[in-house]
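Everything below concerns the one structure shown next.
The values are calculated or read from the model by the stated rules, or taken from the named source; none is laboratory data. Source: prediction; values computed, not measured. Cβ placement follows ideal geometry from the backbone for every residue including glycine, while neighbour counts extend to all protein chains displayed.
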């Protein structure tokens, strides 16, 4: 079985739309994104600074747009059962790919999600990473610097969140203990208790959204823990609460393996999820969409591996 992985926020390259920028299938996605972004995302990504692209609202919209645009260009080939899940805001794209929302609705809700998170978080939140310390070694640092685990990844890689100055201090101390650590481009403490105020209004927006059943040929897994989602109505609380609770991405990757997934396509942006899956499940064939030079090359890979 093929699995599609939908990426989360990170450093956005000005090339993220190059593969599909001129593809007719992606045009409706770019139009939907322009409605919430205020500009054509293809132009926006080329004309804004790195700081502007890392703004929470902008980053979330561009991330989901990139994923949905690539999916739109291969969707007609996905005729067999396919698993799909998303990392952080990537879960908004995953629900659309699974058939629950149209792309327009997914981007509209991503806009709401981003605004609610920013309102709840305030101006000084940040995410960082620590690689190489186990949880027992990390816990005292978290307590000392008033930070929280935001995401648990495979291979002793933790994303941490808190006030920026506290995240910086924790990363500096973790580095002294032999870990690799540093700031991420995400300027909000996603998946920590500081965003608790966003959960209820986000669930209300999700509950009021135009939903359809999960498509017959899709297996939708929650990005936070790998639990299978059979109906959207039963999972909106989980998706809304995700913004203020830690994600266990390592468990999600294990769930994909247990499901019988043999091939993985990371829809991006970037290729971090493919690398994590490859490290977690070395026997799987893992590729990232951004590794293909042409859309025809990507489509040929999908035909061969679906």
>> I'm told residue 208 meets every condition in (1) in contact with a helix residue (DSSP H, G or I) (Cβ under 8 Å, 6 or more places away or on another chain); (2) within 22 Å of residue 103 (Cβ to Cβ); (3) modelled with pLDDT of 95 or more; (4) surrounded by fewer than 23 Cβ atoms within 10 Å (Cβ to Cβ) except one. Can you identify the failing condition by its number?
In response: (1)
> For residue 112, which of the numbered conditions (1) at pLDDT 95 or above; (2) surrounded by fewer than 24 Cβ atoms within 10 Å (Cβ to Cβ); (3) under 30 Å from residue 179 (Cα atoms) fails to hold?
Replying inline: (3)
> Can you find a residue in segment 5-26 that is in a helix (DSSP H, G or I) and either buried (at least 17 other Cβ atoms within 10 Å of the Cβ) or on the phi > 0 side of the Ramachandran plot (or both)?
Replying inline: yes
> Does segment 187-206 hold any residues that are outside any helix (DSSP H, G or I) and closer than 24 Å to residue 236 by Cα, and which are they?
Replying inline: 188, 189, 190, 191, 192
>> residue 214 - would you say it is in the same structural domain as residue 97 (by TED's automatic domain parsing), under 22 Å from residue 94 (Cβ atoms), in a loop (DSSP other than H, G, I, E, B) and touching a helix residue (DSSP H, G or I) at 6+ places or on another chain (Cβ under 8 Å)?
In response: yes
>> If a residue counts only when it is in contact (Cβ under 8 Å) with a residue 40 or more places away in the chain and within 24 Å of residue 17 (Cα to Cα), which helices (runs of 4 or more DSSP H) contained entirely in segment 248-306 have at least 1 such residues?
In response: 272-280, 295-305
